[in-house]
Ligand SMILES: [Zn+2]
């Protein structure tokens, strides 16, 4: 999971159309019984979300090019809250831009209609109404006090900094630093086998190449210049994986942020001095071309 930047003040046209407002009025009257019309967040809305989320799931970072079936997830469930059976769901947020997250089918299925919060006493169960008898912005916007005060336990990629809550490891697993991190790992199913494998493969692929070139150099099968050129190439490839539009970019970043754990520690002790030195030179821009 990485932080995603969305302008809550700029909803897609489909969500502010007259017909959508009419749907919203119906939802207010019908609450949990409302038959939600996905028509308003298909097409324009999902297209805008796909661009904002760079064609990846907002929770697990699986890319649609890798087969992720991406859909609109209501961060706060619209028709019920499984954790609180008497709750009608956040029906007034069904067509609310700041409540819509792009999610893959697998994260979405596990999360379902769960929405745990710190303390049930602060759960919001109905909106305050403003002009035209529509809910006020204050009780609709995910970034405003009323909803923030619920203190949700699920991380929101549009509001939370995932790095404060989750830590990714070289073996592909993810650990929680906080209660919110733990709940998010559980309900977004971030420890499913497929994700562990994909995240591990990303690290392993880079490690394998670095190990191969270093070994050739130490066996004197390649000279210093060839070695440096090859290592530079691998670091550059690893750097491309850090870009927000790449799958599992959080893990690619961890490789740079925690080089010791992700890379150096994966080498035999006798080789660690070489791998550290190559990375240091790369960071200084002195690995390749070799300075005179
Ligand atoms: Zn996902």
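The values are calculated or read from the model by the stated rules, or taken from the named source; none is laboratory data. This one's a predicted model, so the numbers in the text were calculated from it and none came from an experiment. So basically every Cβ, Gly included, is an ideal-geometry build from the backbone, and we count neighbours across all protein chains shown.
Results, tabulated for the structure shown:
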| read-out | value |
| --- | --- |
| Single residue of 67, 58 found to be assigned by TED's automatic domain parsing to the domain that holds residue 21, within 16 Å of the ligand (Cβ to nearest atom) and in contact with a helix residue (DSSP H, G or I) (Cβ under 9 Å, 6 or more places away or on another chain) | 58 |
| Answer from 222, 240 - the residue that is modelled with pLDDT of 95 or more and over 26 Å from residue 4 (Cβ atoms) | 222 |
| Unmet requirement for residue 96, which otherwise passes all of (1) away from the ligand (no atom under 16 Å from the Cβ); (2) within 29 Å of residue 194 (Cβ to Cβ); (3) surrounded by 15 or more Cβ atoms within 10 Å (Cβ to Cβ) | (2) |
| Filtered residues of the stretch 161-182 (kept if under 22 Å from residue 119 (Cβ atoms) and surrounded by 19 or more Cβ atoms within 10 Å (Cβ to Cβ)) | 165, 180, 181 |
| Of all residues making up the stretch 137-154, the number that are surrounded by 15 or more Cβ atoms within 10 Å (Cβ to Cβ), over 30 Å from residue 194 (Cα atoms) and without any contact (Cβ under 8 Å) to a residue 40 or more places away in the chain | 3 |
| Only one of 51, 131, 26, 106 that is crowded, with 19+ Cβ neighbours inside 10 Å and either in contact (Cβ under 8 Å) with a residue 40 or more places away in the chain or away from the ligand (no atom under 16 Å from the Cβ) (or both) | 106 |
| Flag if residue 208 is assigned to a helix (DSSP H, G or I) and under 30 Å from residue 24 (Cα atoms) | no |
